Amino acid sequence: MNKNLFKISPGYEEIMPAEYLDLINDGPYGKNYGVDDLGTFKELLEEHPLCAGCGLALSMRLILASLPNPEDTIIVGSTGCSALAFPQVAVQNIHSLFGNQNAVATGLKRALKLRFPDKIKDVVVVAGDGATVDIGLDMVMHSWFRKENITTIMLDNEAYANTGGQESGMSQEKAVLNMAPTGKKFPKIALPEVAQAAGCAYVGEVSPLQAKRLGKMVRNAILIAREIGPTYLQLYSPCPTNYKFKSNETMQKIKDRVKDGTFKVKEYITPEAEQFLAGIEEGKK
Amino acid sequence: MAEKTWIRMSGLGGQGVITCAHILATAANQEGKESTVNPFFGAEKRLAPAESYVRISSEVIHERGEILKPDIIMIFHPHVITLGKCYTMPFYEGLQPGGNVIINSDQPLAISKEDLEKLNQMQAKVFYVSATQIASEVGGTELSTNMAMLGALLGVAKVVSFDAVKFAVQDRFGGKNFVASGSTAALDDVMKSKFAKVTQLIEKNMNVVEEASKRVEEYQL
Amino acid sequence: MIEQKVMDPQQLFFEAERQEVFITGSEIVKEAVKRANVDIAISYPITPQSESMHLVGDLYAEGYVKEYFRGESEFAVMSEVIGAAMAGVRVFTATGGQGALRAFENFPNWSGSRLPLVCAFMTRGLNAPLSIQPDTLEMAFMLDTGMIILHAEAAQDIYDMLLKAFIIAEKTDVHIPVGVFMDGFFVTHTRDKVKITPAEFKLPPYEPYSSPIPVMDMENVPFRHMRDPFVMKSNFISYAAHASWQQEVLAAAERSRRYIQQYLGGLVEKENENADILIITSGTAVSQSQEAIAMAQQEGIDVGLVKIKCIRPFPTAEIQQLAANAKAIIVPEFNRVGWMCRELKSVIEDNTKVVGGPRVFGGMTMPPEMILDEIRRCTQ
């Protein structure tokens, strides 16, 4: 994006909303900020309508702070809690239908490649676990099989939270949720393993508890998707509302899961992607 | 009044019914007549029933879809009659008075007395032609059965000229990308592989057409 | 890419020389897309549509279309085209029958998102047991998706409607999708004569910034849409936005009327429209009616014909005027439910004179004699 585009014409400074002015003066466009810089710049997400203590909201903030190229990033979302926050994000965002996010992202990325052959346009899918692993799984996987240059990020709160806490494919076995009144009958779906088998060049599992690691992984996933192939990140983002814990216990929940071995930070990278990242590091020196 | 000839072709998938219809219609158009052609088939499978309809007229043709009142019925395979592999039952349903039926078979089929009587009442004429045999003998491949049927048609009724058919065969196989269906395209490649050169293909097919036109025989009802 | 010269639409549609070719409906789709300057085409097989998108694939291989691939299902394809259109390119796809219904959720979304997509629908029966044969039932479902709906009668319509659809869809004050419907097999697989323009000329490219809503390319200001998302209904604004947006999509279709008039010469075509008995219908039913009218004429019965080319927006005023003096209106249809009859009855003042039928469904053609029987009944 040409930065002149969002500059305010002289004389209009006073009538533009304060958050817009903040974005222009202290926003992250073209600045190469990361998680470490949070608190020093105007974030892309302006407030949000999600619940207090929402793990997903925290993950979103960290994702947005880690975009390597926010001025040329388009985020494709899906129906769910995160869709409620995206209209308040200062990068372009598409919310089309429930589950079609990777299909929309495919068309978008291919069309942007046609229109801007010499420019980087990152297409990042950010959707919930229901959208990714249940209703949209065929389109998620086919975008991987087709080697689309897109990043897929799942905000995994282990339930359909926006509709009132129903079981999803990512809920843990035996979890008692709506539509699973006697407990879930099958294990949490191993989507990271599926992603590896389906051809993702980079796959990661992380949570906002490991904020810096999350930031680095988001960055890796987007950079690799540009050049090498599809990437997948799964961010465990607990839901206080539907899992019925206090809003200040979100981090503790993740810690508990780390402790009992049901959540672990994992990273998988193909040799080709690894070489590519090493090349970038080399270039920096 | 428009001079119309409505032709219904019934056969089995893979026999070239649809291609035959396209060649005939192209030939009719080449001669300045109006013609449309459309196929009907279910799943694209060999040996499944396949029909194609050719309308030839001196005036613009509006009517679409299957031909319900044919002047000529061409039966590409005995199973159309004996196993009922056909969209119309009995096979002569809708045949116009004085119409023709051309059947590909080496010998007369066991058609019921009742059916034969009805055909007789309609003043229909029934013809047999060993189209598959002629295709093998003259064309060197059973895939030319459809061309033999086309020849038989010309032997029975001069709906188009041999020259126009030759033009249409050239148009069909002579390089221009023809489209009927994915499966037909696959069969085309098989067909082309049978002949070293396209010109040879056209020549042999025309020989089949001419031979079949001579060998079609009327069956006395 | 193959070099083609851009020609002004008006000139391409009405002034360019035309050559007559004898090809199938599927091949006509190819010829239209070849001249439409399409950036991306996305396909998925379903009979009787498949051949047309094979051929569009050939256009990609030949260098007439910039990007092409087979998606994983109709639902996915109709979403993939959303992404492409939102990124600001010209997109084409096609489906039909069960495929259209599989993808259905996307269609109101296309309209609501103001995407100028052009989709060819090759109609097919929807019943169980499974059918691949012609039937226009799916059009009943499509009527209220917000799309512009054109119905081709035969070969020539496919060519003209498809090319013109892009130009109508992309007008800034329209900018909604156009579905060009054609009856499966009867039209898609029929080889017929059609007049086409030279392949060296194509339509001007799509201009992404003619879109009335922002293009999703991060080349315009990424603004915060709202304080609360629309779906929350937490304040009056979100309610008002939904209500006004639905009206805006309908208004966009209304605004397309003048372009349909300009490019297609109107929403209807008519012949002998002052006759006491009128046949009003669309698609292949028009062709069959032509034959029936010729037969009726030999019996000394005078029958007029109205062919509806554009079903959304509906030619309400035209139909009301044409129907005013008719004594009987016959509506032959290739479907069981009689959606065209419903449409007509909803706008014709004295709708007791509307005869619903004949209706043929399940894949058979409609014998002109069936329509003739109806005509004879109307004279009694």
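The values are calculated or read from the model by the stated rules, or taken from the named source; none is laboratory data. Small disclaimer: the values here were computed from a predicted structure and weren't measured. Methodologically, a virtual Cβ is constructed for each residue, glycine included, from the backbone with ideal geometry; neighbour enumeration extends over all protein chains shown. Remember, those area values only see protein heavy atoms, side chains included, never the ligands or the DNA or RNA. Shrake-Rupley method; radii C 1.70, N 1.55, O 1.52, S 1.80 Å.
Given R0 = 41 Å, the distance between the Cβ atoms of A:V176 and B:L47 translates into a calculated FRET efficiency of 0.15. When each of the peptides B:70-77, B:30-37 is scored by how many other beta carbons lie within 10 Å of its residues on average, the order from highest to lowest is B:70-77, B:30-37. Applying the Kirkwood pairwise sum to the alpha-carbon positions of the protein assembly as shown produces a hydrodynamic radius of 30.3 angstrom. Note on A:F145 and C:S244: the model spin-label points, each 7 Å out from Cα along the C-beta direction, lie 4.5 nm apart.
Karplus-derived 3J(HN,Hα) values for region C:114-128, using 6.51 cos²θ - 1.76 cosθ + 1.60 with θ = phi - 60°, are 6, 9, x, 6, 10, 10, 8, 10, 9, 6, 7, x, 10, 6, 9 Hz; glycine and proline are entered as x. Restricting to region C:268-379, compute how many DSSP beta bridges are antiparallel as a %, nearest 5. Taking every DSSP beta bridge within region C:268-379, about 30 percent pair in antiparallel fashion.
In order along region B:58-64, the phi-based Karplus estimate (6.51 cos²θ - 1.76 cosθ + 1.60, θ = phi - 60°) of 3J(HN,Hα) comes to 7, 10, 4, 9, 9, 3, 10 Hz; Gly and Pro are listed as x. Structure note, pairs A:K109/C:K171; A:K147/C:K5; B:K33/B:K85: Cα-Cα distances above 29 angstrom occur for A:K147/C:K5; B:K33/B:K85. Using just the C-alpha positions of chain C as equal point scatterers, what log10 of I(q)/I(0) does the Debye formula give at each q in 0.10 1/Å? Log10 I(q)/I(0), no solvent term: -0.64. Under 12 Å of direct C-alpha separation, and excluding same-chain neighbours fewer than eight residues apart, A:K119 reaches these aspartates and glutamates: A:E71, A:D72, C:D217, C:E219.
Treating only the Cα positions of region C:129-282 as identical point scatterers, give the base-10 log of I(q)/I(0) from the Debye formula at each q in 0.09 Å⁻¹. Log10 I(q)/I(0), no solvent term: -0.45. When chain C is treated as a GNM with alpha-carbon contacts under 10 Å, the residue of C:F236, C:F22, C:F181 showing the greatest mean-square fluctuation is C:F236. Take the Cβ atoms of B:D189 and B:F162, set R0 to 30 Å, and the FRET efficiency comes out at 0.65. What the Cα atoms of region A:181-261 give is an Rg and a Dmax of 15.1, 46 Å. Computed over chain A, the percent of Cα pairs more than 23 Å apart is 53.
The charge dipole of the protein assembly as shown, taken about its Cα centre with unit charges on the Cβ atoms of Lys, Arg (+1), Asp and Glu (-1) only, comes to about 1520 debye.
Across region A:66-81, coupling constants 3J(HN,Hα) worked out from phi with the 6.51/-1.76/1.60 Karplus curve, θ = phi - 60°, read 9, 4, x, 8, x, 6, 9, 10, 10, 9, 9, x, 8, 5, x, 4 Hz, and Gly and Pro carry x. Under 5 Å between amide hydrogens, built in the peptide plane, is the criterion, and for C:Y68 it picks out C:A41 among residues at least 5 positions away or on other chains.
Taken per residue, the accessible surface of the protein assembly as shown reaches 39 Å², heavy atoms only and a 1.4 Å probe.
Determine the share of chain C's accessible area contributed by carbon and sulfur atoms, expressed in whole percent, with a 1.4 angstrom probe. Ligands and nucleic acids excluded, carbon and sulfur give 51 percent. Mind checking the log10 I(q)/I(0) for region B:4-219 at q = 0.09, 0.15 Å⁻¹? Debye, one equal scatterer per Cα, no solvent, two decimals. These q points yield log10 I(q)/I(0) values of -0.31, -0.90. Pairs from the table (A:K31/A:K244; A:K121/A:K284; B:K158/C:K30; A:K121/A:K285) lying more than 32 angstrom apart at Cα are A:K31/A:K244; B:K158/C:K30. Averaged over the residues of B:66-75, the number of partner chain Cβ atoms lying within 10 Å of the residue Cβ comes to 2.
For chain B, the relative contact order works out to 22 percent when only alpha carbon pairs closer than 8 Å and six or more residues apart are counted. Over region A:50-185, the fraction of Cα-Cα pairs per 5 Å bin, rounded to whole percents and listed from the shortest bin up, is 2, 11, 20, 21, 19, 13, 7, 4, 2, 1, 0. When we measure straight from the Cα of A:K188, which aspartates and glutamates land under 13 angstrom away, once same-chain ones fewer than 8 places off are left out? Partners within reach: A:D129, A:D134, A:D156, A:E158, A:E167, A:E173. Restricting attention to region A:90-224, close to 25% of DSSP beta bridges with both partner residues there are antiparallel.
Between A:K113 and C:M364, the distance separating the two model label sites (each 7 Å from Cα on the Cα→Cβ line) works out to 5.1 nm. Accessible surface buried at the A:C interface totals approximately 3500 Å², computed with a 1.4 Å probe on protein heavy atoms. Nearest 10 degrees is fine. How inclined is helix B:162-173 to the longest principal axis of chain B, computing both from alpha carbons? The angle comes out near 60 degrees. With each label modelled as a point 7 angstrom along the Cα→C-beta vector, the C:E3-B:T82 pair spans 6.3 nm. For region A:1-56, the equivalent ellipsoid derived from the Cα gyration tensor has semi-axes of 25, 16, 9 Å, listed largest first. In terms of overall dimensions, the C-alpha atoms belonging to region C:268-379 reach 32, 32, 23 Å along their principal axes, ordered largest to smallest. The C:Y209 and A:K264 beta-carbon pair, evaluated with R₀ = 60 Å, returns a calculated FRET efficiency of approximately 0.80. Panel note: the C-alpha atoms of region C:1-125, placed on their principal axes, show extents of 41, 31, 26 Å (largest first).
Among beta bridges identified by DSSP and lying wholly in the protein assembly as shown, the antiparallel ones come to about 35 percent.
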